[in-house]
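Participant: Please read through the structure below; I'll follow up with questions.
The values are calculated or read from the model by the stated rules, or taken from the named source; none is laboratory data. Remember, predicted model here, so these are calculated numbers, not experimental data. Quick reminder, even Gly has a Cβ in these numbers, built from the backbone with ideal geometry, and neighbours come from all protein chains shown. Remember, those area values only see protein heavy atoms, side chains included, never the ligands or the DNA or RNA. Shrake-Rupley method; radii C 1.70, N 1.55, O 1.52, S 1.80 Å.
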Amino acid sequence: MQQISPPEVVIYRRPAQLLTLAGPAKARAGAAMSDLGIEHGFSVVTRGEKIVWLGPDSKLDVNTLGTDAQVRELDCRGQVLMPALCDSHTHLVWGGHRLDELELRLRGADYEEIFAAGGGILSSVRQTRGVTDEQLYAQSLARVRRMQQTGTTTFEIKSGYGLDLQTELRQLRVAKQLREQAGVRTVATCLAAHAIPAEFRGSQQKRDAFIAGVCEEILPAVAAEQLATYCDVFCDRGAFTPDEARRVFARGQQLGLKPRVHANEFGHTGGALLAAQLGAASADHLLYLNADERAALKQAGVIATLLPGTSTVLGKPFADGRALVEAGVPVAVATDCNPGSCAFESLAMVVGLSCYGNRLTPGEAICAATHNAACSLGLHNQVGRIAPGLDADLLLLGTDDYRDLVYHTGSPLVDTTISRGRRL
Ligand code: NIG
Ligand code: FE
(Lines give C-alpha, C1' and ligand atoms only; values in the text may rest on other atoms or scores of the structure.)
(Ligands and ions follow the chains in the order given, each with its own letter.)
Protein backbone atom coordinates (compact mmCIF):
# COMPACT_ATOMS: atom_id res chain seq x y z
CA MET A 1 0.00 0.00 0.00
CA GLN A 2 1.25 3.45 -0.84
CA GLN A 3 2.21 5.56 2.18
CA ILE A 4 0.91 9.10 1.97
CA SER A 5 3.17 11.26 4.11
CA PRO A 6 1.37 13.82 6.26
CA PRO A 7 1.79 17.44 5.27
CA GLU A 8 4.81 19.17 6.73
CA VAL A 9 4.22 21.40 9.75
CA VAL A 10 6.36 24.53 9.91
CA ILE A 11 6.69 26.77 12.95
CA TYR A 12 7.82 30.31 12.20
CA ARG A 13 9.13 31.28 15.61
CA ARG A 14 9.15 34.76 17.08
CA PRO A 15 9.67 37.12 14.15
CA ALA A 16 10.67 40.61 15.27
CA GLN A 17 7.46 41.86 13.63
CA LEU A 18 4.53 39.74 12.52
CA LEU A 19 2.28 41.70 10.13
CA THR A 20 -1.05 39.89 10.45
CA LEU A 21 -3.29 42.47 8.76
CA ALA A 22 -5.91 41.10 11.13
CA GLY A 23 -9.37 42.52 10.62
CA PRO A 24 -12.39 42.17 8.39
CA ALA A 25 -11.97 40.36 5.07
CA LYS A 26 -13.06 43.41 3.10
CA ALA A 27 -10.99 46.09 1.40
CA ARG A 28 -9.59 48.67 3.82
CA ALA A 29 -9.87 52.42 3.37
CA GLY A 30 -8.70 55.53 5.20
CA ALA A 31 -6.97 55.03 8.57
CA ALA A 32 -7.66 51.26 8.50
CA MET A 33 -5.08 50.95 5.72
CA SER A 34 -2.21 51.75 8.04
CA ASP A 35 -3.21 49.29 10.76
CA LEU A 36 -1.12 46.24 9.87
CA GLY A 37 -2.02 44.27 13.00
CA ILE A 38 1.59 44.03 14.10
CA GLU A 39 2.41 41.44 16.77
CA HIS A 40 5.65 40.88 18.67
CA GLY A 41 6.68 37.65 20.39
CA PHE A 42 4.23 35.65 18.27
CA SER A 43 4.78 32.48 16.29
CA VAL A 44 2.90 31.16 13.24
CA VAL A 45 2.25 27.52 12.38
CA THR A 46 1.50 26.23 8.89
CA ARG A 47 0.47 22.73 7.95
CA GLY A 48 0.83 21.81 4.30
CA GLU A 49 -0.65 24.63 2.27
CA LYS A 50 -2.47 26.37 5.12
CA ILE A 51 -1.88 28.61 8.10
CA VAL A 52 -3.24 26.71 11.10
CA TRP A 53 -2.28 28.72 14.16
CA LEU A 54 -0.81 31.98 15.34
CA GLY A 55 -0.41 33.41 18.81
CA PRO A 56 2.06 34.29 21.54
CA ASP A 57 5.02 31.92 21.32
CA SER A 58 4.61 31.07 25.01
CA LYS A 59 1.15 29.63 24.26
CA LEU A 60 2.34 27.34 21.46
CA ASP A 61 1.94 23.70 22.46
CA VAL A 62 3.85 21.53 19.98
CA ASN A 63 2.02 18.43 21.26
CA THR A 64 -1.18 19.67 19.66
CA LEU A 65 0.38 19.71 16.20
CA GLY A 66 -0.14 15.99 15.64
CA THR A 67 2.40 13.25 16.30
CA ASP A 68 2.31 12.01 12.72
CA ALA A 69 3.56 15.29 11.39
CA GLN A 70 7.07 16.13 10.43
CA VAL A 71 7.72 19.40 12.26
CA ARG A 72 10.28 21.93 11.13
CA GLU A 73 11.06 25.02 13.18
CA LEU A 74 12.40 28.25 11.75
CA ASP A 75 13.92 30.79 14.08
CA CYS A 76 12.65 34.10 12.68
CA ARG A 77 14.15 36.40 15.28
CA GLY A 78 15.40 39.59 13.63
CA GLN A 79 13.10 39.11 10.64
CA VAL A 80 9.69 40.39 9.55
CA LEU A 81 7.04 37.78 8.74
CA MET A 82 4.27 39.18 6.53
CA PRO A 83 1.74 38.08 3.90
CA ALA A 84 3.24 37.48 0.45
CA LEU A 85 2.59 40.19 -2.13
CA CYS A 86 -0.39 40.04 -4.47
CA ASP A 87 0.10 41.64 -7.89
CA SER A 88 -3.43 42.57 -8.96
CA HIS A 89 -2.56 44.15 -12.34
CA THR A 90 -0.12 42.56 -14.79
CA HIS A 91 0.07 41.83 -18.49
CA LEU A 92 2.85 39.31 -17.97
CA VAL A 93 2.11 36.93 -20.84
CA TRP A 94 3.68 38.50 -23.93
CA GLY A 95 6.11 37.64 -26.68
CA GLY A 96 9.31 39.52 -27.56
CA HIS A 97 10.29 42.90 -26.13
CA ARG A 98 10.25 46.65 -26.80
CA LEU A 99 13.76 47.62 -25.81
CA ASP A 100 14.16 49.86 -28.87
CA GLU A 101 10.97 51.72 -27.97
CA LEU A 102 12.38 52.26 -24.48
CA GLU A 103 15.40 54.01 -25.98
CA LEU A 104 13.21 56.11 -28.29
CA ARG A 105 11.09 57.24 -25.36
CA LEU A 106 14.10 58.09 -23.26
CA ARG A 107 15.29 60.26 -26.16
CA GLY A 108 11.98 62.14 -26.10
CA ALA A 109 9.47 60.16 -28.19
CA ASP A 110 5.96 60.15 -26.75
CA TYR A 111 4.21 56.91 -25.67
CA GLU A 112 0.82 57.97 -27.03
CA GLU A 113 2.31 59.05 -30.37
CA ILE A 114 4.17 55.76 -30.79
CA PHE A 115 0.91 53.94 -30.02
CA ALA A 116 -1.10 56.07 -32.48
CA ALA A 117 1.49 55.38 -35.18
CA GLY A 118 1.01 51.61 -34.87
CA GLY A 119 3.89 50.88 -32.49
CA GLY A 120 3.61 50.38 -28.73
CA ILE A 121 0.91 47.87 -27.87
CA LEU A 122 0.55 46.88 -31.54
CA SER A 123 4.24 46.02 -31.74
CA SER A 124 3.75 43.58 -28.85
CA VAL A 125 0.66 42.23 -30.60
CA ARG A 126 2.73 41.40 -33.70
CA GLN A 127 5.46 39.79 -31.61
CA THR A 128 3.03 37.82 -29.44
CA ARG A 129 1.18 36.51 -32.49
CA GLY A 130 4.59 35.46 -33.85
CA VAL A 131 5.89 33.26 -30.99
CA THR A 132 5.04 29.62 -30.38
CA ASP A 133 2.96 28.45 -27.44
CA GLU A 134 6.11 26.97 -25.89
CA GLN A 135 8.00 30.26 -26.19
CA LEU A 136 5.08 32.22 -24.76
CA TYR A 137 4.89 29.90 -21.76
CA ALA A 138 8.66 29.79 -21.17
CA GLN A 139 9.08 33.57 -21.39
CA SER A 140 6.13 34.14 -19.04
CA LEU A 141 7.28 31.52 -16.53
CA ALA A 142 10.74 33.10 -16.39
CA ARG A 143 9.12 36.42 -15.45
CA VAL A 144 6.91 34.76 -12.83
CA ARG A 145 9.97 33.10 -11.26
CA ARG A 146 11.74 36.45 -10.93
CA MET A 147 8.59 38.05 -9.51
CA GLN A 148 8.31 35.28 -6.92
CA GLN A 149 11.88 35.94 -5.84
CA THR A 150 10.91 39.50 -5.01
CA GLY A 151 7.92 38.40 -2.94
CA THR A 152 4.87 37.97 -5.18
CA THR A 153 2.84 34.75 -5.03
CA THR A 154 -0.47 35.85 -6.60
CA PHE A 155 -0.69 37.19 -10.14
CA GLU A 156 -3.55 38.77 -12.02
CA ILE A 157 -2.78 38.27 -15.71
CA LYS A 158 -4.44 40.14 -18.57
CA SER A 159 -4.55 39.12 -22.20
CA GLY A 160 -4.58 41.94 -24.76
CA TYR A 161 -1.55 41.26 -26.96
CA GLY A 162 -3.56 39.05 -29.28
CA LEU A 163 -6.54 41.17 -30.31
CA ASP A 164 -7.69 38.19 -32.34
CA LEU A 165 -9.49 35.09 -31.15
CA GLN A 166 -6.61 32.63 -31.42
CA THR A 167 -3.95 34.74 -29.74
CA GLU A 168 -6.21 36.03 -26.95
CA LEU A 169 -7.09 32.41 -26.14
CA ARG A 170 -3.43 31.38 -26.32
CA GLN A 171 -2.44 34.08 -23.83
CA LEU A 172 -5.18 33.08 -21.40
CA ARG A 173 -4.29 29.40 -21.77
CA VAL A 174 -0.74 30.28 -20.70
CA ALA A 175 -2.18 31.88 -17.56
CA LYS A 176 -4.06 28.64 -16.93
CA GLN A 177 -0.96 26.55 -17.65
CA LEU A 178 1.02 28.62 -15.12
CA ARG A 179 -1.69 27.76 -12.60
CA GLU A 180 -2.08 24.09 -13.41
CA GLN A 181 1.46 23.06 -14.39
CA ALA A 182 3.64 25.43 -12.40
CA GLY A 183 1.33 25.74 -9.37
CA VAL A 184 1.26 29.55 -9.56
CA ARG A 185 -1.82 31.32 -8.22
CA THR A 186 -3.06 33.23 -11.27
CA VAL A 187 -6.30 35.08 -11.89
CA ALA A 188 -7.01 35.80 -15.54
CA THR A 189 -8.60 38.84 -17.17
CA CYS A 190 -9.63 39.11 -20.80
CA LEU A 191 -8.38 42.45 -22.15
CA ALA A 192 -9.26 41.84 -25.79
CA ALA A 193 -10.27 45.52 -25.92
CA HIS A 194 -6.73 46.73 -25.31
CA ALA A 195 -6.22 48.55 -28.61
CA ILE A 196 -7.85 48.85 -32.00
CA PRO A 197 -5.74 46.60 -34.26
CA ALA A 198 -4.18 48.16 -37.38
CA GLU A 199 -6.63 46.35 -39.66
CA PHE A 200 -9.63 47.94 -37.87
CA ARG A 201 -8.43 51.55 -37.79
CA GLY A 202 -9.66 54.42 -39.96
CA SER A 203 -13.41 54.63 -39.46
CA GLN A 204 -16.04 54.21 -36.75
CA GLN A 205 -17.52 51.39 -38.81
CA LYS A 206 -14.28 49.44 -38.61
CA ARG A 207 -13.93 50.15 -34.90
CA ASP A 208 -17.47 48.90 -34.37
CA ALA A 209 -16.64 45.76 -36.31
CA PHE A 210 -13.70 45.08 -34.00
CA ILE A 211 -15.81 45.67 -30.90
CA ALA A 212 -18.50 43.37 -32.29
CA GLY A 213 -15.83 40.69 -32.73
CA VAL A 214 -14.72 41.12 -29.13
CA CYS A 215 -18.32 40.87 -27.91
CA GLU A 216 -19.62 38.13 -30.14
CA GLU A 217 -16.57 36.01 -30.77
CA ILE A 218 -13.73 36.50 -28.29
CA LEU A 219 -15.56 37.00 -24.97
CA PRO A 220 -18.00 34.09 -25.53
CA ALA A 221 -15.10 31.76 -26.42
CA VAL A 222 -13.17 32.86 -23.33
CA ALA A 223 -16.20 32.30 -21.13
CA ALA A 224 -17.00 28.92 -22.72
CA GLU A 225 -13.48 27.67 -21.98
CA GLN A 226 -13.60 29.29 -18.50
CA LEU A 227 -10.34 31.05 -19.23
CA ALA A 228 -10.98 34.31 -17.37
CA THR A 229 -12.71 35.67 -14.28
CA TYR A 230 -12.59 39.33 -15.30
CA CYS A 231 -13.00 41.51 -18.35
CA ASP A 232 -10.95 44.71 -18.80
CA VAL A 233 -11.01 47.57 -21.33
CA PHE A 234 -8.35 50.22 -21.95
CA CYS A 235 -10.81 53.10 -21.72
CA ASP A 236 -8.72 56.15 -22.53
CA ARG A 237 -7.61 58.63 -25.18
CA GLY A 238 -6.30 56.75 -28.22
CA ALA A 239 -7.87 53.48 -27.12
CA PHE A 240 -11.61 52.92 -26.39
CA THR A 241 -14.24 55.52 -25.58
CA PRO A 242 -16.49 55.07 -22.54
CA ASP A 243 -19.40 54.15 -24.85
CA GLU A 244 -17.35 51.50 -26.59
CA ALA A 245 -16.06 50.20 -23.25
CA ARG A 246 -19.59 50.05 -21.87
CA ARG A 247 -20.63 47.73 -24.71
CA VAL A 248 -17.73 45.36 -24.01
CA PHE A 249 -18.34 45.34 -20.26
CA ALA A 250 -22.08 44.72 -20.72
CA ARG A 251 -21.35 41.66 -22.83
CA GLY A 252 -18.68 40.51 -20.38
CA GLN A 253 -21.13 40.79 -17.50
CA GLN A 254 -23.72 38.75 -19.41
CA LEU A 255 -21.08 36.05 -19.72
CA GLY A 256 -20.13 36.24 -16.03
CA LEU A 257 -16.90 38.24 -16.50
CA LYS A 258 -16.63 40.98 -13.91
CA PRO A 259 -15.27 44.40 -14.92
CA ARG A 260 -11.91 45.98 -14.05
CA VAL A 261 -11.01 49.15 -15.95
CA HIS A 262 -7.86 50.84 -17.31
CA ALA A 263 -9.01 54.35 -16.48
CA ASN A 264 -7.89 58.00 -16.48
CA GLU A 265 -4.26 57.35 -17.44
CA PHE A 266 -4.11 60.17 -19.97
CA GLY A 267 -6.86 62.51 -18.78
CA HIS A 268 -10.35 62.76 -17.29
CA THR A 269 -11.47 60.46 -20.05
CA GLY A 270 -14.50 58.88 -18.40
CA GLY A 271 -13.00 55.54 -17.38
CA ALA A 272 -13.13 56.15 -13.64
CA LEU A 273 -16.76 57.28 -13.76
CA LEU A 274 -17.61 54.24 -15.87
CA ALA A 275 -15.89 51.98 -13.31
CA ALA A 276 -18.03 53.57 -10.61
CA GLN A 277 -21.24 53.15 -12.64
CA LEU A 278 -20.45 49.49 -13.23
CA GLY A 279 -19.33 48.82 -9.66
CA ALA A 280 -16.10 47.45 -11.12
CA ALA A 281 -13.76 45.30 -9.05
CA SER A 282 -11.02 47.83 -9.70
CA ALA A 283 -10.24 51.09 -11.50
CA ASP A 284 -6.57 51.24 -12.46
CA HIS A 285 -3.99 53.98 -13.26
CA LEU A 286 -6.06 57.08 -12.25
CA LEU A 287 -3.32 59.63 -12.94
CA TYR A 288 -6.00 62.24 -13.55
CA LEU A 289 -8.71 62.12 -10.91
CA ASN A 290 -10.71 64.96 -9.39
CA ALA A 291 -12.71 65.09 -6.17
CA ASP A 292 -15.97 64.13 -7.91
CA GLU A 293 -14.36 61.11 -9.54
CA ARG A 294 -12.85 60.05 -6.19
CA ALA A 295 -16.25 60.42 -4.52
CA ALA A 296 -17.87 58.31 -7.23
CA LEU A 297 -15.33 55.50 -6.69
CA LYS A 298 -15.84 55.63 -2.94
CA GLN A 299 -19.60 55.62 -3.28
CA ALA A 300 -19.50 52.59 -5.56
CA GLY A 301 -16.96 50.70 -3.42
CA VAL A 302 -14.47 50.46 -6.30
CA ILE A 303 -10.87 49.70 -5.36
CA ALA A 304 -8.40 52.20 -6.86
CA THR A 305 -5.32 50.38 -8.16
CA LEU A 306 -2.20 52.52 -8.43
CA LEU A 307 0.61 51.64 -10.84
CA PRO A 308 3.48 53.98 -9.96
CA GLY A 309 5.98 51.99 -12.02
CA THR A 310 4.18 53.14 -15.16
CA SER A 311 4.33 56.81 -14.15
CA THR A 312 8.05 56.32 -13.52
CA VAL A 313 8.80 54.67 -16.86
CA LEU A 314 6.65 57.00 -18.95
CA GLY A 315 7.68 60.15 -17.06
CA LYS A 316 4.04 60.93 -16.28
CA PRO A 317 2.44 62.36 -13.15
CA PHE A 318 1.75 60.03 -10.24
CA ALA A 319 -1.82 59.25 -9.20
CA ASP A 320 -2.66 61.13 -6.00
CA GLY A 321 -2.74 58.21 -3.59
CA ARG A 322 -2.81 60.49 -0.57
CA ALA A 323 -6.04 62.12 -1.77
CA LEU A 324 -7.59 58.69 -2.43
CA VAL A 325 -6.78 57.47 1.08
CA GLU A 326 -8.10 60.69 2.57
CA ALA A 327 -11.26 60.41 0.49
CA GLY A 328 -11.86 56.93 1.92
CA VAL A 329 -11.30 55.01 -1.33
CA PRO A 330 -9.66 51.59 -0.77
CA VAL A 331 -6.31 51.59 -2.58
CA ALA A 332 -4.31 48.72 -4.11
CA VAL A 333 -0.83 48.90 -5.64
CA ALA A 334 0.41 46.71 -8.51
CA THR A 335 3.26 46.54 -11.03
CA ASP A 336 1.36 46.75 -14.37
CA CYS A 337 4.20 44.46 -15.58
CA ASN A 338 3.95 44.68 -19.41
CA PRO A 339 6.33 44.94 -22.38
CA GLY A 340 5.90 48.67 -22.94
CA SER A 341 4.78 51.15 -20.33
CA CYS A 342 6.40 49.34 -17.38
CA ALA A 343 8.24 46.04 -17.40
CA PHE A 344 9.05 46.21 -13.68
CA GLU A 345 8.68 42.83 -12.04
CA SER A 346 9.34 43.60 -8.40
CA LEU A 347 6.16 44.56 -6.58
CA ALA A 348 8.33 45.04 -3.49
CA MET A 349 10.11 47.86 -5.30
CA VAL A 350 6.84 49.28 -6.62
CA VAL A 351 5.58 49.42 -3.02
CA GLY A 352 8.45 51.84 -2.40
CA LEU A 353 7.52 53.87 -5.49
CA SER A 354 3.92 54.11 -4.28
CA CYS A 355 5.21 55.93 -1.20
CA TYR A 356 7.54 58.33 -3.02
CA GLY A 357 5.28 58.84 -6.05
CA ASN A 358 1.70 58.34 -4.84
CA ARG A 359 2.44 59.56 -1.29
CA LEU A 360 1.20 56.49 0.55
CA THR A 361 2.79 55.68 3.89
CA PRO A 362 4.73 52.40 4.18
CA GLY A 363 1.88 50.83 6.14
CA GLU A 364 -0.74 51.89 3.59
CA ALA A 365 1.44 50.62 0.76
CA ILE A 366 1.83 47.17 2.38
CA CYS A 367 -1.93 46.92 2.89
CA ALA A 368 -2.41 48.01 -0.74
CA ALA A 369 -0.09 45.31 -2.14
CA THR A 370 -1.41 42.48 0.05
CA HIS A 371 -4.91 42.47 1.51
CA ASN A 372 -6.51 45.19 -0.64
CA ALA A 373 -5.02 43.69 -3.81
CA ALA A 374 -6.37 40.28 -2.79
CA CYS A 375 -9.81 41.84 -2.22
CA SER A 376 -9.81 43.32 -5.70
CA LEU A 377 -9.30 39.77 -7.07
CA GLY A 378 -11.91 38.20 -4.79
CA LEU A 379 -9.17 36.24 -2.99
CA HIS A 380 -9.60 37.88 0.43
CA ASN A 381 -10.27 34.51 2.09
CA GLN A 382 -7.17 32.91 0.58
CA VAL A 383 -4.31 35.41 0.72
CA GLY A 384 -3.36 38.88 1.93
CA ARG A 385 -3.54 38.32 5.69
CA ILE A 386 -2.00 35.94 8.21
CA ALA A 387 -4.83 34.08 9.88
CA PRO A 388 -5.75 30.42 10.44
CA GLY A 389 -7.48 28.95 7.38
CA LEU A 390 -5.77 31.20 4.86
CA ASP A 391 -3.16 29.87 2.45
CA ALA A 392 0.42 29.83 3.75
CA ASP A 393 1.61 32.58 1.41
CA LEU A 394 4.23 34.39 3.43
CA LEU A 395 7.40 36.44 3.23
CA LEU A 396 10.39 36.56 5.50
CA LEU A 397 12.25 39.86 5.26
CA GLY A 398 15.89 40.26 6.15
CA THR A 399 15.17 43.17 8.46
CA ASP A 400 13.35 43.71 11.75
CA ASP A 401 11.23 46.66 10.52
CA TYR A 402 8.86 46.41 7.52
CA ARG A 403 9.37 50.12 6.76
CA ASP A 404 12.81 49.21 5.43
CA LEU A 405 11.00 47.98 2.29
CA VAL A 406 10.39 51.65 1.54
CA TYR A 407 13.47 53.12 3.20
CA HIS A 408 15.71 50.84 1.13
CA THR A 409 13.45 50.63 -1.95
CA GLY A 410 14.90 48.19 -4.46
CA SER A 411 17.21 46.36 -2.05
CA PRO A 412 16.85 42.57 -1.90
CA LEU A 413 15.09 42.44 1.47
CA VAL A 414 12.91 39.43 0.68
CA ASP A 415 14.83 36.50 2.20
CA THR A 416 12.22 33.80 1.59
CA THR A 417 8.98 33.64 -0.38
CA ILE A 418 6.54 30.94 0.72
CA SER A 419 3.69 30.00 -1.61
CA ARG A 420 1.04 27.57 -0.32
CA GLY A 421 3.48 26.41 2.32
CA ARG A 422 6.30 25.79 -0.15
CA ARG A 423 9.52 27.79 0.19
CA LEU A 424 10.42 29.02 -3.29
O1 NIG B 1 -1.54 49.36 -18.46
N2 NIG B 1 -2.47 51.35 -20.68
C3 NIG B 1 -2.67 50.33 -21.33
N4 NIG B 1 -2.04 49.17 -21.28
C5 NIG B 1 -0.81 48.91 -20.62
C6 NIG B 1 0.34 49.24 -21.48
C7 NIG B 1 0.56 48.20 -22.47
C8 NIG B 1 1.74 48.43 -23.36
O9 NIG B 1 2.29 49.54 -23.51
O10 NIG B 1 2.09 47.41 -23.94
C11 NIG B 1 -0.75 49.66 -19.32
O12 NIG B 1 0.10 50.54 -19.13
FE1 FE C 1 -2.15 47.79 -17.52
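Participant: Name every residue in segment 293-317 that is under 21 Å from Ala374 (Cβ atoms) and open to solvent by 30 Å² or more (accessible area, probe 1.4 Å), in order of residue number.
Facilitator: Selection gives Lys298, Ala300, Gly301.
Participant: Test of understanding: among Phe200, Phe234, which residue is under 22 Å from Ser123 (Cα atoms) and within 16 Å of ligand 1 (Cβ to nearest atom)?
Facilitator: Phe234
Participant: Within segment 113-130, does at least one residue satisfy the condition of being more than 26 Å from Ser376 (Cα to Cα) and away from ligand 1 (no atom under 15 Å from the Cβ)?
Facilitator: Within segment 113-130, one or more residues are more than 26 Å from Ser376 (Cα to Cα) and away from ligand 1 (no atom under 15 Å from the Cβ).
Participant: Same structure again: From Glu168, Glu199, which residue is open to solvent by less than 40 Å² (accessible area, probe 1.4 Å) and either in contact with a Ser or Thr (Cβ under 6 Å, 6 or more places away or on another chain) or over 22 Å from Cys231 (Cα atoms) (or both)?
Facilitator: Sole residue among the options that is open to solvent by less than 40 Å² (accessible area, probe 1.4 Å) and either in contact with a Ser or Thr (Cβ under 6 Å, 6 or more places away or on another chain) or over 22 Å from Cys231 (Cα atoms) (or both): Glu168.
Participant: While we're on this one: Could you pull out the residue among Leu65, Leu92 that is assigned by TED's automatic domain parsing to the domain that holds Glu168, in contact (Cβ under 8 Å) with a residue 24 or more places away in the chain and in contact with a strand residue (DSSP E or B) (Cβ under 6 Å, 6 or more places away or on another chain)?
Facilitator: Only one candidate qualifies: Leu92.
Participant: Using the structure shown, decide if Thr90 is within 16 Å of ligand 2 (Cβ to nearest atom) and either β-branched (Val, Ile, Thr) or in a strand (DSSP E or B) (or both).
Facilitator: Against the criterion (within 16 Å of ligand 2 (Cβ to nearest atom) and either β-branched (Val, Ile, Thr) or in a strand (DSSP E or B) (or both)), Thr90 qualifies.
Participant: Note down all Cβ pairs under 9 Å where the first residue falls in segment 342-361 and is not assigned by TED's automatic domain parsing to the domain that holds Gly315, the second is in a loop (DSSP other than H, G, I, E, B) and open to solvent by 40 Å² or more (accessible area, probe 1.4 Å), and they're at least six residues apart or on different chains.
Facilitator: none
Participant: Only one of (1) assigned by TED's automatic domain parsing to the domain that holds Gln177; (2) in contact with a Leu (Cβ under 9 Å, 6 or more places away or on another chain) is not met by Gln79, so which one is it?
Facilitator: (1)
Participant: Out of Ala280, Ala304, Ala319, I need the residue that is in contact with a strand residue (DSSP E or B) (Cβ under 8 Å, 6 or more places away or on another chain), assigned to a loop (DSSP other than H, G, I, E, B) and within 16 Å of Ala334 (Cα to Cα). Which one?
Facilitator: Selected residue: Ala319, the only one of Ala280, Ala304, Ala319 that is in contact with a strand residue (DSSP E or B) (Cβ under 8 Å, 6 or more places away or on another chain), assigned to a loop (DSSP other than H, G, I, E, B) and within 16 Å of Ala334 (Cα to Cα).
Participant: Inspect all residues belonging to segment 273-292 and state whether any of them is away from ligand 1 (no atom under 16 Å from the Cβ), within 17 Å of His89 (Cβ to Cβ), free of Cβ contacts under 8 Å to residues at least 60 places away in the same chain and crowded, with 24+ Cβ neighbours inside 10 Å.
Facilitator: Scanning segment 273-292, I find no residue that is away from ligand 1 (no atom under 16 Å from the Cβ), within 17 Å of His89 (Cβ to Cβ), free of Cβ contacts under 8 Å to residues at least 60 places away in the same chain and crowded, with 24+ Cβ neighbours inside 10 Å, so the answer is no.
Participant: Among helices (runs of 4 or more DSSP H) lying entirely in segment 111-220, which contain 2 or more residues that are within 16 Å of Pro339 (Cα to Cα), of a type in the set (Val, Ile, Thr) and at pLDDT 95 or above?
Facilitator: Passing ranges, in order: 121-130.
Participant: So, Leu102, is that one within 12 Å of ligand 1 (Cβ to nearest atom), open to solvent by 60 Å² or more (accessible area, probe 1.4 Å) and not assigned by TED's automatic domain parsing to the domain that holds Leu397 or not?
Facilitator: So Leu102 fits the description; yes.
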